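First comes the structure, then the notes that go with it.
Nothing in this text is a laboratory measurement; each read-out follows from the coordinates by a stated rule. Note that the structure is a prediction, hence the values are computed from the model and not measured. Heads up, the Cβs are rebuilt from the backbone with ideal geometry, glycines too, and the neighbour counts pull from every protein chain shown.
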Amino acid sequence: MKLPSLKIGDLNVKVPIIQGGMGIGVSGSKLAAAVANEGGVGIISGVQIGYREPDFQTNTLEANVRAMKRELKAARELSPEGVIGVNLMVAITHYDEMVQACIEGGADLIISGAGLPMHLPKLVEGSNVKIAPIVSSGKAATLIIKNWTKKYSRLPDLVVVEGPEAGGHLGFKREELDEDTKRPLEEIVTEVICAVAVFEKEFGKKIPVVAAGGVYTGEDIAKFIKLGAAGVQMGTRFVATEECDADPKYKQAYLDAKKEDIQIIISPVGMPGRAIRNKLIKKVEEGRIPPKRCYNCIKKCNPKETPYCISKALIEAVEGNLDEGLIFVGSNAFRLEKIVTVKELMNELVSDAEKS
């Protein structure tokens, strides 16, 4: 099959692959631009993006805003014609300010999960930034779209459906992630497509639905497009690329991971997440690691109770200090065998999808 282009509002994406946003610092301007240059959508993670700024610890919000704009500018310089977006967690404390930074920085698209982005349309009003919620059920998609249309007369430009095999924070209850209870992504995608179709009919506008979480091969891409999805979002495969912004030791951790090393944890954010079992996770199982300082990164985090500081853990990981870091990972990371270029990966995915 010939892969279709992905239309997001007035944006035309040649290859229907969105590179997943991976924070802190795993997907930055270098990776996003490389994906955009190959015809996909490159995504920068906005979570604590200013971690390398000299004043990050003392001036966190301003450091993040400054870095967000700089990363978007760098990505645009590397990919003048590509589609560059940002992934922002609803759960972050300064969500509104970071959305504004994305607009001012020239982002084409904001993808938003880890909560329901109910007032995102208001925040982007007057701009040309496309907006896309991440959902894990048809019910969530319906709730968001009803809210957006009623309050803001706005439809999503894209809906990302993230299933239980994804890396990082997951939009499911812990018990919904067990092997005998978790729903297959195919089922959830079909449910969301049906939910979205009601609004497409009502408003006479197409809303593309993208499948995410455990999408690994070109055959997977073809399967979801045949199912009715407009494209896919992929994260894990892009970590094992030369252009990924993480430290080489972080990438090597993916290559070294065995299936049994990948487990579900409960993050300090209060949501289940998928990560590589390492010394940090084992230490947390033995007892709380009190944060030395608070970055005020997550709305619901209480530094007096949190099991460990997630910002510190993610920064340690991306900088290559793996024993002290939290290494978020998708369920298929154990299948990775080597580091390739983004061009090689995209060519492989497209070729294999079109053979299916």
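A few points about this structure:
- Residues whose placed amide H lies under 5 Å from that of Ile8, excluding near-sequence neighbours: Val13
- DSSP beta bridge pairing in the chain, given as percent antiparallel to the nearest 5: 30 percent
- Around the amide H of Ile298, modelled in the peptide plane, lie the amide H atoms of Thr93, all under 5 Å away and 5 or more residues distant in sequence or on another chain.
- Residues Arg174, Arg154 arranged by fewest to most Cβ contacts within 10 Å: Arg174, Arg154
- Overall, the ratio between the Cα radius of gyration of segment 28-120 and 2.2 N^0.38 Å, rounded to two decimals, is 1.02.
- Size of segment 250-324 from its Cα atoms: along the principal axes, largest to smallest, the extents are 34, 22, 21 Å.
- Pairs beyond 21 Å (Cα-Cα), from Lys122/Lys146; Lys14/Lys201; Lys2/Lys182; Lys7/Lys223: Lys14/Lys201; Lys2/Lys182
- Backbone HN-Hα couplings from phi across segment 142-157 [Karplus 6.51/-1.76/1.60, Hz, Gly and Pro as x]: 5, 4, 5, 5, 4, 5, 5, 6, 5, 8, 10, 6, 9, 9, x, 7
- One chain, two ends: Lys14 and Ile266. Fully extended at 0.36 nm per residue, the span grows by 87.0 nm beyond their Cα-Cα distance.
- Lys pairs under 22 Å by Cα in segment 250-324, provided they are eight or more residues apart or on distinct chains: 24
- Normalising by residue count, segment 130-206 has a Cα convex hull of 95 Å³ per residue.
- Spin-label model distance (nm) - Lys279 vs Glu104, 7 Å beyond Cα toward Cβ: 4.0 nm
- Coil-residue GluC sites (Glu not before Pro) of segment 133-202, DSSP, other Cβ within 10 Å capped at 14: Glu179
- Whether the chain is rounded, prolate or oblate, judged on the alpha carbon gyration tensor where a/c under 1.5 counts as rounded: rounded
- Residues whose placed amide H lies under 5 Å from that of Ser267, excluding near-sequence neighbours: Gly273
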